[in-house]
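Peer 1: Sharing a structure below in structure tokens format, with a few things to ask.
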Amino acid sequence: MKLSIRGIFFSFLALTTLCCNPISRIARGTEIVNDHSDTIQRLLIFPTYAHIDMIENRDMGNNNEKLSQLATNEIYSQLSEFLPATLNKHFMQGDALVKESIAGEGHRLIKSLRKSFNPKTAKVPDYLLQVLDAQNQDYGLLILQVGFTRTHDNMVKETLRRENQDWRSLGIYQVRPYSSYSAMYGFLIDRKKQRVIRYKELRWPNKEPNDKYIIRTQVRDIILTSFRLGN
């Protein structure tokens, strides 16, 4: 078999793009934005939002509120354990509307990160920056979780419908029909620089999103990434 010079060139170009393109790395499920800030203080913990679904079409409109609240509570518990004690941190309180607004802006931020060739240039939604400014905090940590859990019914029904799925573009539905999964996203936002300085994305198929060990491990990985605490 003969390989043309042109063919070799385009093969090399494709390989280089796959290795170096930040979008390719994001698509694999994890991306770390490097920033050499030595000290992170005046940290706002945005209200955590978990959306756990257990219906067959996963339309992100009828989540199981009880499971979602249990997951949210567990994330808060793990944050309290893993965040460094030396941090000057503040846990923001908010009603359901505020939490949903912040989650929606987090969704927009994920899309911006995916579209940006350089994650550092991804636009942080103005609303998140305004919240940080109003709370008089320099940094903000936002964690979002989306998951799907198995039930007896959803394991035996037909293949999932994929129409009109608001979160489909985030890549979290690339799992087998009715298999459980847990997707967690963590952002560390610098208010003054108006950009994301740390980002961690964890998409684990075949993992129960309400499993305390799964939540604990994902939160731990996000904290280790955000604050460079080592292993």
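Peer 1: Starting from the Cα of LYS192, step 7 Å along the direction of its Cβ; do the same at ASN206; then give the gap between the two resulting points in nm.
Peer 2: 4.7 nm
Peer 1: Exposure proxy check: MET184, MET92, MET54 ranked by fewest other beta carbons within 10 Å?
Peer 2: Listing MET184, MET92, MET54 from fewest to most nearby Cβ atoms yields MET92, MET54, MET184.
Peer 1: In addition: If you stretched the chain out fully between LYS115 and SER179, how much longer would it get, using 0.36 nm times the residue separation minus the C-alpha to C-alpha distance?
Peer 2: Net length gain for the segment: 20.3 nm.
Peer 1: As a footprinting exposure proxy, order ASP126, ASP211, ASP53 by other Cβ within 10 Å, with the fewest listed first.
Peer 2: ASP126, ASP211, ASP53
Peer 1: Rank by packing, highest mean first: peptides 82-88, 218-224, 140-146, 197-203, with packing defined as the count of other Cβ atoms within 10 Å averaged across residues.
Peer 2: 140-146, 197-203, 218-224, 82-88
Peer 1: A further question on this structure: Amide H neighbours of HIS51 under 5 Å, at least 5 residues apart or on other chains, H built in the peptide plane: list them.
Peer 2: Residues meeting the amide H criterion: GLN145, VAL146, GLY147.
Peer 1: Ok, one more. Listing ARG216, ARG191 from the residue with the fewest other Cβ atoms within 10 Å to the one with the most, what is the order?
Peer 2: The fewest-first ordering by Cβ neighbours comes to ARG216, ARG191.
Peer 1: Let me ask something additional. Could I have the simple spin-label model distance between GLU65 and ALA85, label points 7 Å from Cα toward Cβ, reported in nm to one decimal?
Peer 2: Those two pseudo-labels are separated by 3.8 nm.
Peer 1: Something else now. Quick one: of LYS115/LYS193; LYS111/LYS207; LYS115/LYS207; LYS115/LYS212, which pairs are farther than 22 Å apart, Cα to Cα?
Peer 2: Where the Cα-Cα span goes over 22 Å, the pairs concerned are LYS111/LYS207; LYS115/LYS207; LYS115/LYS212.
Peer 1: Could you compute the net charge surrounding ASP133? Neighbours are other residues with a C-beta less than 11 Å from the C-beta of ASP133; K and R count +1, D and E count -1.
Peer 2: 0
Computed from the coordinates by the stated procedures, all read-outs in this text should not be read as laboratory data. This is a predicted model, so every value here is computed, not measured. Glycine also receives a Cβ, built like all others from the backbone with ideal geometry; neighbour counts cover every protein chain displayed.
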